[in-house]
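Q: Below you will find the structure I want to go over with you.
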Amino acid sequence: MRLTRLLKPFSGRDWGIHPDDHKRPAADAPLRVMPLPARLYLPVQQHLGGAARPTVVVGQKVRKGERIADAQGMVSAPIHAPTSGTVVAVTDITAPHPSGLSLPAIVIEADGDDVWGTLSPCPRPFELAPQTISERVYAAGIVGMGGAAFPAAVKLDGAARARVDTLVINGGECEPYLSCDDRQMRDFADEVVEGIRLMLRATGATSALVGIEDNKPEAIAAMRTAAAGHDCVRIRPVPARYPMGSEKQLVQVLTGVEVPAEGLPADIGVVVHNVGTARAVRAAVVEGKPLVSRLVTLNGNCMNAPGNVEVRLGTLAEDVIAFAGGLKGDGLGLARRVLGGPMMGLQVPHWRVPVVKGTSGILALDADEAAARQSHPCIRCGRCVQACPMGLLPLEMSARIRNDALTDAVDLGLKDCIACGCCAYVCPSRIPLVQYFVHAKGELSRQDRNRLRNEATKRLAQQRTDRLAREAREKAEAAARRRAEREAKAAAKTDTATAGESA
Amino acid sequence: MNPLTQGAATVASPHAHGGNSVARCMLDVQLALTPATLFGFWLYGWPAFILWVGTIAACLFWEAVCLRLQGVGRVRETLFDGSAALTGWLLAMTLPPWAPWWLAVVGGFIAIVIGKQVFGGLGQNVFNPAMVARVALLVSFPLPMTAWISPLPLHALPAPELLDSLRIFLGAPIPDAMTSATWLGHAKTELMRGVDLLQVTGSDTAPPLPWTGLRAGSLGESSAVLLLAGGLYLIVRGVISWHAPLALLAGLALPALIGHSLDPARYLAPSVHLLGGGAMLGAFFIATDYVTSPNTRSGQLVFGFGIGLIAWIIRSWGGYPEGMGFAVLLMNALTPILDRFVKPRVLGRDRRGRPLDLPEREGT
Amino acid sequence: MLAAVSSLALLGAALGLLLGAASRWLRVEGNPIVDELTDMMPGSNCGQCGFPGCGKAAEAIIDGTAPPTCCPPGGKPLAAAIAAKLGLTLDLTTVADEGPKVAVVAEELCIGCCRCSKVCPTDAIIGAAKQIHNVMRDACTGCSNCIEKCPTDALAMRPTPITLQHWVMPKPALHYRGMPCA
């Protein structure tokens, strides 16, 4: 071990970083199930794609698992009531998002009965048609549970259409601090494997590769036991390295094939799903249960009792923390509130934000962990270049963005950046590189939107000019016609008069 | 400007940091330089120490002046991030150990003001500030810049006391008996006189074998072995990568090996090239300067090899006995071009930046 | 000496002729920057600048008869972009701009008189006579032409709400060394 560390600088290409994982003791603490909170706040947008449209009205009674918002558009997911109760409001709440902006949410007051509505379990799920499986996944509102929250059924359908042959299951959980996937695999390995087999059926893939970082030996052992007897599910330990759980990196490590830029893993016959998604798929297909709860890791130096908690969707982070033992010194020394992992998670302004489908962690970081320091000038040490798992030049891109040369940054590969945070993590000058890249991407899409809007405005203005011209012309024509008619009538009159006279 | 981007102090991920900092890098480099520097003090006595202090002080002084003129708020913090001190240290390692005070002050001015601050300060300079200063001093003041001292421990004469040393630093003439030539300088003079190298290395007048370090030269010249050790420490600590140093040493040794085997009377042996002159200092401490070397590993390989090759050419055929400084500056000038053309391959793209072709798959 | 002087003189004369000819033959009709500027402007020809349409305003800005800040719907971002394009220095703090705005109809006040929809340069106001009007947010350029036409003060300009989809991560503040970075 010591020798490998000494020799490390001499080894070959070395993407990514090896951060302190801070996973234990939270990963080893037994899973706790949080009891029902009084109120649940369900944002209509918990996934990538179009926001769901509420189908309930204030005052309506809902039962657990009842659909309360419909999917809208091609890429979207419905939302279900996590418990039985009454819809008390459809109102704006603070989004689990760094902007601190609000978004509409359905507020449900729990009645405490927590009774399921009518479920349609399926005793023999492996006899279902692939299409039926993905329909059930769609109806259950399942999204990627790793954090990106991409609707799972859309991915399954796409994979089936692209005729993928390999299903890669992401059990990497490379983000430091997080251990909810680890817990998922340790405690529910059988359910996860069954979910994987269902996804194999839905996609038509022939084998599943489950990549688990080798810092989770318990999870690897549990999954191996569960997968024994299922040749199609292979457990593959991968070296612990951040960002191993990133789609492109994991696919490359497990299959040896690179996903082409601007493409999807499906282009090379692979589809990637998270272990949490696999378990949710099983619950949806076998038991007919929609996605109404998830595992969340509570961690960080300010957390009294780090560990994993099963939480209803819509529970406020505040309530989860209170249940799990609260913050040390009532939040004294708390420097940053983060939803998700420390590398890619979102900073939130306060704890009154709900747990949504993609929330994998609630982190209460102290000043040392958050490492908020003043940044210094870039010394061009090139550490970010070495760390970048995509092979980009973060220092060059950020210098361009600092001077608002966004197109230059795009030429350097800004669109390939996955915002994993490796560059900022290793930067000795503590330059907020990721913030530059996220800003630039947002600014570029804003410019795109503005351009489209400008074009639309010009088109509308032109249409109006044309319309006014047409109306004026038509008016003139109508006037001319009427005049002509009048004259014709007058002429006819005189004609008939003359005719009469002549007759 | 854009109201959509205005908001509270929002911070993007990551919410963690590896703990590395500029000051820590600089500290590590200084730590790696320490053994060689102490050895140099032992070799050349108090004057070398006073010169070392003087050069660093001069660099810090000029840095402070520049920062003040630019109206920078926190002068103290920037001043002691270690970069100016390191520049001064490296410059001191390349000066003749008994050089007078004004060389230190002028050198500090050239390094910090001309070499660094006029480019925009830390991280903006194209050329290595210490090398700019050394080369400018060498070209402007060739005499004091080549007044080398033979190692005191080998000498019959007593080493100068602290007060005498101060006098030397303030410009008192150095006794002729103390002076000597560097190994490379000696070889070059003899070659120019038409004496072939076989005779030079065999004669009694030759300075002792280079590898012990007991010889005339600058602090960064004599203690090659200690500098090598310091460099290896930096590599193991992850402060520098091995690419530029190895390529530099290879760029120096390979042509030397070829030349020496073809004509030993005309070309020095690779070992002399590697251990003599500024090869080790250049390889591990100058060519690895973050700011002025390429960002990519492959770029660093080209960069290092170029320095080695140019240094060998200057040493073998040029007018100067040592060409490391010139070689570094020449390759510094090439660094932006190397950075432009030697880029890492983006995952999922080919070298030209186009997306990879889709592999042939059955059924699609 | 003579040869040098004469050859230089000859060279100068030849080059001068060439330049003169080029300026005649390769002359560009119209000012290309007018088109570029017109493209940058909102394009709704709302007339708030006092010129008949965005093209004329662009010409006026280039002539110097109108300031780059003359376009209210474009606001600060447009003024800054024009100033950058023309190389002008601009004190943006004097521009009253609270961000993009859209017209909003107060439904309880609207009497359906259709006066507002007639002046809207982009036909963004819908509603027939005696029907409550509404503003299509995406089509409204924020020119506020309609505001004064409303007899019941039912129309008001409101800042465009910032949504999660439109939010942009702020650029990192340059706080190191207190040095200007450009």
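The values are calculated or read from the model by the stated rules, or taken from the named source; none is laboratory data. All values derive from a computational prediction rather than experimental measurement. Neighbour counts run over all protein chains shown; Cβ positions are idealised from the backbone, glycine included. What goes into the accessible areas is simple: the full protein's heavy atoms, side chains included, and nothing from ligands, DNA or RNA. Shrake-Rupley method; radii C 1.70, N 1.55, O 1.52, S 1.80 Å.
Q: Please list, in order along segment B:57-69, the HN-Hα scalar couplings obtained from phi with the Karplus expression 6.51 cos²θ - 1.76 cosθ + 1.60 (θ = phi - 60°), rounded to whole Hz, x for Gly and Pro.
A: 4, 4, 4, 5, 4, 5, 4, 5, 4, 4, 4, 5, 4
Q: Which percent, to the nearest 5, of DSSP beta bridges fully inside the protein assembly as shown are antiparallel?
A: 65 percent
Q: Could you sort A:Val257, A:Val320 by accessible area so the largest value comes first, with the probe set to 1.4 Å?
A: Most to least solvent-accessible, the answer reads A:Val257, A:Val320.
Q: Sort C:Lys118, A:Lys23, A:Lys458 by accessible area with a 1.4 Å probe, largest first.
A: Per-residue accessible area, sorted high to low, gives C:Lys118, A:Lys458, A:Lys23.
Q: Still on this structure, please answer the following. Go ahead and estimate [θ] at 222 nm for chain B from helices alone: -39,500 (n - 2.57) per DSSP H run with n ≥ 4, summed, over the residue count, rounded to 500.
A: Counting only the DSSP helices, I get -16500 deg cm²/dmol.
Q: Tally Lys/Arg at +1 and Asp/Glu at -1 over every other residue whose Cβ is under 9 Å from the Cβ of A:Leu313; what's the total?
A: Residues near A:Leu313 contribute +3 overall.
Q: So for C:Glu36, C:Glu108, what's the accessible-area order with a 1.4 Å probe, most first?
A: C:Glu108, C:Glu36
Q: From zero outward in steps of 5 Å, how is the percent of C-alpha pairs of segment A:267-315 spread across the bins?
A: Once binned at 5 Å, the Cα pair distances of segment A:267-315 give 5, 16, 18, 19, 15, 11, 9, 5, 1, 0.
Q: List the cysteines of chain A that have no other Cys Cβ closer than 4.7 Å: which are they?
A: Singleton cysteines: A:Cys122, A:Cys174, A:Cys180, A:Cys232, A:Cys302, A:Cys378, A:Cys381, A:Cys388, A:Cys417, A:Cys420, A:Cys422, A:Cys427.
Q: Please give the Cα centre distance for segment A:213-280 versus segment A:23-55, rounded to the nearest Å.
A: 24 Å
Q: Residues of segment B:22-341: accessible area per residue at 1.4 Å, in Å²?
A: On a per-residue basis, 40 Å².
Q: Taking GluC sites (Glu not before Pro) that fall in a DSSP loop and have at most 11 other Cβ atoms within 10 Å as cut points, what is the longest piece of chain B between them?
A: B:162-359
Q: Follow-up. With a 1.4 Å probe, what is the total accessible area buried between chains B and A, in Å² rounded to the nearest 100?
A: Approximately 4900 Å² gets buried when B meets A.
Q: So what's the gap between the Cα centers of segment A:124-167 and segment B:128-174, to the nearest angstrom?
A: 77 Å
Q: Over segment A:351-440, what is the relative contact order in whole percent, taking alpha-carbon pairs under 8 Å and six or more residues apart?
A: Averaging sequence separation for qualifying contacts and normalising by length gives 31 percent for segment A:351-440.
Q: Once label points are set 7 Å from the Cα along Cα→Cβ at both A:Ser102 and C:Leu2, what is their separation, rounded to one decimal in nm?
A: That separation, rounded to one decimal, is 9.4 nm.
Q: Under a point spin-label approximation (7 Å from Cα along Cα-to-Cβ), what is the B:Asp357-A:Arg467 distance to one decimal in nm?
A: 5.3 nm
Q: If you take every DSSP beta bridge whose two residues both sit in chain A, what share of them, in percent to the nearest 5, is antiparallel?
A: Expressed as a percentage, antiparallel bridges in chain A total about 60.
Q: Leaving out ligands, DNA and RNA, what percent of the accessible area of segment C:101-159 is carbon and sulfur, probe 1.4 Å?
A: 51 percent
Q: Can you list the residues, at least 5 places off or on another chain, whose amide H is less than 5 Å from the amide H of A:Ala69, using H built in the peptide plane?
A: Under 5 Å from the amide H of A:Ala69: A:Thr55, A:Ile79.
Q: Using Cα pairs closer than 8 Å and at least 6 residues apart in sequence, work out the relative contact order for segment C:101-159, in percent.
A: 49 percent
Q: Next up: Rounded to the nearest 10 Å², what accessible area does A:Leu452 have for a 1.4 Å probe in the complete protein model?
A: Number for this one is 110 Å².
Q: A follow-up question, please. What does the charge add up to near B:Ser150, with Lys and Arg as +1, Asp and Glu as -1, over the other residues with Cβ less than 12 Å from its Cβ?
A: Neighbourhood net charge equals 0.
Q: Starting from the exponent 0.38 and prefactor 2.2 Å, build the expected Rg for chain C from its residue count and divide its actual Cα Rg by it.
A: Working it through for chain C, the quotient is 1.58.
Q: Considering all projection directions equally, how large on average is the shadow of the alpha-carbon convex hull of chain B, in square nanometres?
A: Average of the hull's projected areas for chain B equals 25.7 nm².
Q: Still on this structure, I have one more. If you take the beta carbon distance between A:His18 and A:Arg163 as r and set R0 to 35 Å, what does 1/(1 + (r/R0)^6) give as a FRET efficiency, to the nearest 0.05?
A: For R0 = 35 Å, the calculated efficiency reads 0.40.
Q: Let me ask something else. Rounded to the nearest whole Å³, what is the per residue volume of the convex hull around the Cα atoms of chain A?
A: That works out to 237 Å³ per residue.
Q: Taking a cut-off of 13 Å between Cα atoms, list the aspartates and glutamates near C:Lys101, but don't count ones fewer than 8 places away on the same chain.
A: Of all the aspartates and glutamates, those that pass the test against C:Lys101 - Cα under 13 Å, at least 8 places apart if same chain - are C:Asp138.
Q: Any chance you could list the semi-axes, whole Å, largest first, of the equivalent ellipsoid that the Cα gyration tensor gives for the protein assembly as shown, using √(5λ)?
A: Over the Cα atoms of the protein assembly as shown, the semi-axes work out to 65, 45, 27 Å.
Q: Another question, if that's okay. Under 14 Å from the Cβ of B:Trp46, count the other residues' Cβ atoms, weight Lys and Arg +1, Asp and Glu -1, and hand me the total.
A: Computed value for this residue: -1.
Q: May I pose another question? Treat segment A:373-503 as a sphere of radius equal to its Kirkwood radius over Cα pairs and apply Stokes-Einstein at 4 °C in a medium of 1.567 mPa s; give the translational diffusion coefficient in µm²/s, rounded to a whole number.
A: The diffusion coefficient I find is 64 µm²/s.
Q: Using just the helices of chain A, give the 222 nm mean residue ellipticity in deg cm²/dmol: DSSP H runs with n ≥ 4 each add -39,500 (n - 2.57), and the total is spread over all residues, rounded to 500.
A: Calculated mean residue ellipticity at 222 nm is -11500 deg cm²/dmol.
Q: Something else now. Check which residues have an amide H placed less than 5 Å from B:Gly278's amide H, if you skip close sequence neighbours.
A: The list, which skips near neighbours in sequence, is B:Met324.
Q: At a Cα cut-off below 12 Å, give the aspartates and glutamates reachable from B:Lys188, other chains included and same-chain residues fewer than 8 away excluded.
A: Correct list for B:Lys188: B:Asp196, B:Glu322.
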